[in-house]
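Q: The following block contains the structure, expressed as C-alpha cells.
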C-alpha cells in the first residue's frame, strides 16, 4: 500500500498538534464506599469513547473507531446522527441500518453494516470542526475504505463528502473477500464539492446491502485509480 508523502504527513501532523494529546475522559472514577447508614454517592461514569484523539496522519477510521477528529455515526432522515458506540447500534423505528462489532484482525476491530432496504440510511464519519482537504485533492490523494461485501446491493449506493455524492454501487454489487474502495479526492471537487471545509464522509443507500468495514484513510494515488462513473 503506498506511503503518505512528507508534505501530507507534516500537514496532518500540524493538525494533530492542535488537538489535546490526553484523553478528555481521564481515569474512570472509583465508586465510593459508604461507612454509615447513609448511602454513598456514586461517581459519574465516563462517556464511551467514540473517537481516537491520536492516530497516524490521514487516518479517519482505525480498527472501527473514528480518528483525527472524526467520529463514526449512522443515521436516517428521522435521526441523522446516532453515535456508533457499544457492540450494536441501529437507526430507530424500522431499523433501516444496523451496525454490530466484528473481529477482523483482532477482537472488535471492525463493523458489520446491514441495510434492510426499509428506507434511506447511511453510515458516516462526522467531524465537529471542518478540515481543509483541498491541498490533498490537488496532491492526488485518494479516499480509501477497507471493506468486504457479504450481501450485494440491489440498488444505488453513493459515497459523499459533505453534500457531494458519487455513485459507487458497482463496488458493492457482489459478495467477496476483503478489498479496498479507492476514490480520488479530486473527483468530489470536480462535481462541485468544497474540499476546504469538510465535515462529513458518508456511505448511503436505500437498498438492501450487507458489508463489513474496518478502516478509512487517505492514501497516495495509483495509476489504476479512477473517478466512479
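Q: Out of the residues in segment 66-81 meeting the condition of being surrounded by fewer than 21 Cβ atoms within 10 Å (Cβ to Cβ) and either touching a helix residue (DSSP H, G or I) at 6+ places or on another chain (Cβ under 6 Å) or without any contact (Cβ under 8 Å) to a residue 24 or more places away in the chain (or both), tell me which one is nearest to residue 200 (Cα to Cα).
A: The selected residue is 80.
Q: Right, next: Quick one: how many residues across segment 107-130 are buried (at least 18 other Cβ atoms within 10 Å of the Cβ) and under 17 Å from residue 161 (Cα atoms)?
A: Residues that pass the stated criteria total 7.
Q: Sticking with this structure for a sec: Tell me, please, whether a residue that is in contact with a helix residue (DSSP H, G or I) (Cβ under 6 Å, 6 or more places away or on another chain), within 24 Å of residue 116 (Cβ to Cβ), part of a loop (DSSP other than H, G, I, E, B) and at pLDDT 95 or above can be found in segment 154-170.
A: Yes.
Q: Name the residue, out of 149, 98, that is within 16 Å of the chain's Cα centre (by Cα) and part of a strand (DSSP E or B).
A: Result: 98 is the single residue among 149, 98 that is within 16 Å of the chain's Cα centre (by Cα) and part of a strand (DSSP E or B).
Q: Separate question: Output the number of residues of segment 174-227 satisfying the condition of being touching a helix residue (DSSP H, G or I) at 6+ places or on another chain (Cβ under 7 Å) and outside any strand (DSSP E or B).
A: Total satisfying the criteria: 6.
Q: For residue 204, only one of the following conditions fails: (1) touching a residue at least 60 places away in the same chain (Cβ under 8 Å); (2) under 19 Å from residue 57 (Cβ atoms); (3) under 16 Å from the mean Cα position of the chain (by Cα). What is its number?
A: The failed condition is (2).
Q: Can you find a residue that is in contact with a helix residue (DSSP H, G or I) (Cβ under 9 Å, 6 or more places away or on another chain), buried (at least 16 other Cβ atoms within 10 Å of the Cβ) and at positive phi anywhere in segment 145-152?
A: No, segment 145-152 contains no residue that is in contact with a helix residue (DSSP H, G or I) (Cβ under 9 Å, 6 or more places away or on another chain), buried (at least 16 other Cβ atoms within 10 Å of the Cβ) and at positive phi.
Q: Also, I was wondering about something else. Those residues that are under 13 Å from residue 123 (Cα atoms) and either modelled with pLDDT under 95 or under 15 Å from the mean Cα position of the chain (by Cα) (or both), I need them from segment 55-76; list them, please.
A: 61, 64, 65, 66, 70, 71, 72, 73, 74, 75
The values are calculated or read from the model by the stated rules, or taken from the named source; none is laboratory data. Bear in mind the structure is a predicted one, so any value in this text is a computation, not a measurement. Backbone-built Cβ (ideal geometry, glycine too); neighbour counts: all protein chains shown.
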